[in-house]
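Quick notes on the structure that follows.
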Amino acid sequence: MQNPVGKFLAKQLANPSGFWAVLVARSMNRANRLMYDEALNLLNPAREERWLELGFGSGLHIGELLDRYTIHHYTGTEISSAMLQMAQKANRLAVQAGKVDLKLGADSLKSLNTASYDSILSINTVYFWTNPDTVLQNLYKLSKPGGKLVLAWNSTEFLAKQSYARQFQKYSLKELQAKVEQQGWSASTGSKVHKGKQSFCMLKAVKT
Ligand SMILES: C[S@@+](CC[C@H](N)C(=O)[O-])C[C@H]1O[C@@H](n2cnc3c(N)ncnc32)[C@H](O)[C@@H]1O
């Protein structure tokens, strides 16, 4: 049986809420920094791109992203209203300027225009997708032809050691790569990153 702390943490990571949301967000920012760096290196936008992120968390990375790359527009979706509020506060000026659009709800993907994003990313969210095939299919529809998808998630070995992750849906690189390709994405390349105690998978695919 999962201990109560592990259970609580799992719930917060899946959908941060209430008093603890800020603390959870801070710890996610620290822990997931390397994953974001690796994902951004893979996406490496060369021109004015339209970006979509599923599960942006506190959204503190969005400002840095806009500073570092010539991104034309960023859209993000979240299911946590606490995370949405934090991200709106952190990116107030960019939201007001219409450069950043932050949406609440898993279904908000359906409200977006198809074939309109150059780069799509999602970091540490795959464990919580109730229907991964539908999510990957929706992302495929939203991508422009030639658009890129990057996913990053903790490896099964890493998650096996975390008591909070017992109920997480865990994926090997091969398993998620197969799912991504089943939904039409092609030219997928995967890699595993091991650094210190971290061990995670990175997957990049293209809509051809
Ligand atoms: C572990 S956190 C990761 C946050 C951030 N991407 C990071 O790596 O620091 C997972 C986030 O995904 C959000 N989330 C989970 N399922 C989602 C879904 N179907 N659509 C959008 N956001 C989702 C949660 O609310 C949570 O903020």
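Return the single residue from Asp107, Asp118, Asp67 with maximal mean-square fluctuation; model: Gaussian network over the chain, springs between Cα atoms under 10 Å. Evaluated over the chain, the most mobile residue of the options is Asp67.
Over the residues of the chain, the helix contribution to mean residue ellipticity at 222 nm works out to -11500 deg cm²/dmol, using -39500 (n - 2.57) for each DSSP H run of at least 4. Sites counted here are trypsin sites (Lys or Arg not before Pro) in a DSSP loop (not H, G, I, E or B) having no more than 11 other Cβ atoms within 10 Å; the longest part of the chain that contains none of them is 48-160.
For the chain, what is one quarter of the convex hull surface built on the Cα atoms, given in nm²?
Average projection, Cα convex hull of the chain: 10.9 nm².
The DSSP beta bridges internal to the chain are antiparallel in roughly 45% of cases. For the residues Thr130, Thr75, Thr189, a GNM of the chain with alpha-carbon springs under 10 Å puts the largest fluctuation on Thr130.
How would you classify the stretch 81-122 from its alpha-carbon gyration tensor, with a ≥ b ≥ c the square roots of the eigenvalues: rounded for a/c under 1.5, else prolate if a/b is greater than b/c, otherwise oblate?
Oblate, because a/c is 1.5 or more while a/b does not exceed b/c.
For the stretch 86-208, the square roots of the Cα gyration tensor eigenvalues, ordered a ≥ b ≥ c, give a/c of at least 1.5 with a/b no greater than b/c, which places it in the oblate category.
Each value in this text was obtained by applying a stated rule to the coordinates, not by laboratory testing. Keep in mind it's a predicted model, so treat the numbers as computed, not measured. Here Cβ is always computed from backbone atoms with ideal geometry, including for glycine, and neighbour counts include all displayed protein chains.
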